[in-house]
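Worksheet: one structure, shown below.
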Amino acid sequence: MRQKVLICAQSFQKLNGDHKKILEDAGLEIVPSGLDRALKAEELAERIGGMSAVIVGMDTVNETVIKAADRLKVVSMNGVGLDRIDIKAATKRGIVVTHTPGTNMDSVADHTMALILSCVRQIPYHDRVVRTGGWKRSVGRELRGQQIGLIGLGYIGKGVALRALAFGMRVLAFDPFLDTQFCSKHDIHACDLETILSASDILSLHCPVTPQTEKLINARTIAAMKRGAILINTSRGELVDQNDLVHALNSGQLGGAGLDVFETEPPKNSPLWEMDQVVLTPHLGGNTKEAALRTAYQSAFNVVAILTGGTAHRVVNQEVLQTNEN
């Protein structure tokens, strides 16, 4: 009997490429989720039985799903974020969890810079003005000489840093696991959180959601920021307290925001919609053809490696592999 791979990640299902052939050439049977959206936990639990692997995107893999999985060996995240996967429950059941860090680095870094430029020059606002026959012009800001603070200096944070340096910006970085060699090579200034908040003209978030980072940007941390600073978030919506953000934008404590992610997606009836100093995009930072293909290939390779005993890369819970080897 062939091992089955449940495909839930929407981009993996819809993308034109040879990524599915990687699974087929390994003798694996592909099973589509049957839904044109991310699966809720109960929906995934209904489908996970008999599956040896599942490739997920924005789908929820919680303890209920893990308990319903009778043959599951690998959860392959078609992307980077792991906040919707119960890694502890998977590890306890001996299920390997993989992801694809770095595959969307250029796409998200590019989009981050697009949001920054859109905010400092208010491009969407001026586009609307011109389209309605107006000719109102606001005074913008140059990027050269501005200080950009990066909370998180992983693959994407590094990509943003290099782009910001090309614009003549001074780059500050905060990361508990800071790559000091990279910082030294590119003249990036390591800072503690308090310093990066108070010194940044533009603050950009590139960290995962953890108990320590959830609602990291709140009334207290916003109050510590430079008045008129701009907030950019292409990471996860849960990093920002939206009510506190709205208040800070209304008061002028923050001069603008560029948001690609939201606590609830899509957001509903948000005051942010009415704010000219805010630029909003629908979680599309990594949504380029090039990034999607790289991610899909890596997701498929991860599955094949685990199911066929090959060399596994990008494994989140390495202890499962070590236990299986013993």
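The values are calculated or read from the model by the stated rules, or taken from the named source; none is laboratory data. On a predicted model such as this, the values are computed, not experimentally measured, just so you know. Cβ sites come from the backbone with ideal geometry, for glycine too, and all protein chains shown count toward neighbours.
One line per residue, one yes/no per condition, for (1) without any contact (Cβ under 8 Å) to a residue 24 or more places away in the chain; (2) surrounded by 20 or more Cβ atoms within 10 Å (Cβ to Cβ); (3) outside the structural domain of Val240 (by TED's automatic domain parsing); (4) within 29 Å of Ala219 (Cβ to Cβ):
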{"site": "Lys136", "(1), (2), (3), (4)": "yes, no, no, no"}
{"site": "Val139", "(1), (2), (3), (4)": "yes, no, no, yes"}
{"site": "Ile151", "(1), (2), (3), (4)": "no, yes, no, yes"}
{"site": "Tyr155", "(1), (2), (3), (4)": "no, no, no, no"}
{"site": "Lys158", "(1), (2), (3), (4)": "no, yes, no, no"}
{"site": "Met169", "(1), (2), (3), (4)": "no, yes, no, yes"}
{"site": "His186", "(1), (2), (3), (4)": "no, no, no, no"}
{"site": "Leu193", "(1), (2), (3), (4)": "no, no, no, yes"}
{"site": "Ser198", "(1), (2), (3), (4)": "no, no, no, yes"}
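Any idea which of Arg227, Arg220 is in a loop (DSSP other than H, G, I, E, B) and out of contact with any helix residue (DSSP H, G or I) (no Cβ under 7 Å at 6 or more places or on another chain)? Reasoning before the result, please.
Details: Arg220 fails: in a loop (DSSP other than H, G, I, E, B).
On inspection, the qualifying residue turns out to be Arg227.
Taken residue by residue, region 206-213 has at least one member that is more than 20 Å from His111 (Cβ to Cβ), in contact with a helix residue (DSSP H, G or I) (Cβ under 7 Å, 6 or more places away or on another chain) and part of a loop (DSSP other than H, G, I, E, B). If only residues of region 70-84 that are at pLDDT 95 or above and out of contact with any Gly (no Cβ under 7 Å at 6 or more places or on another chain) are counted, the one that is nearest to Leu280 (Cα to Cα) is Met77. Restricting Asp106, Asp59, Asp83 to those that are acidic (Asp, Glu), closer than 26 Å to Val261 by Cα, touching a residue at least 40 places away in the same chain (Cβ under 8 Å) and surrounded by fewer than 17 Cβ atoms within 10 Å (Cβ to Cβ) reduces the list to Asp83. Considering only residues that are without any contact (Cβ under 8 Å) to a residue 24 or more places away in the chain and farther than 25 Å from Met113 by Cβ, look in region 269-304 and name the one that is surrounded by the fewest Cβ atoms within 10 Å (Cβ to Cβ). In this case the residue turns out to be Asn269.
Here Phe182 clears all of (1) more than 26 Å from Thr281 (Cα to Cα); (2) in a loop (DSSP other than H, G, I, E, B) except the condition numbered (2).
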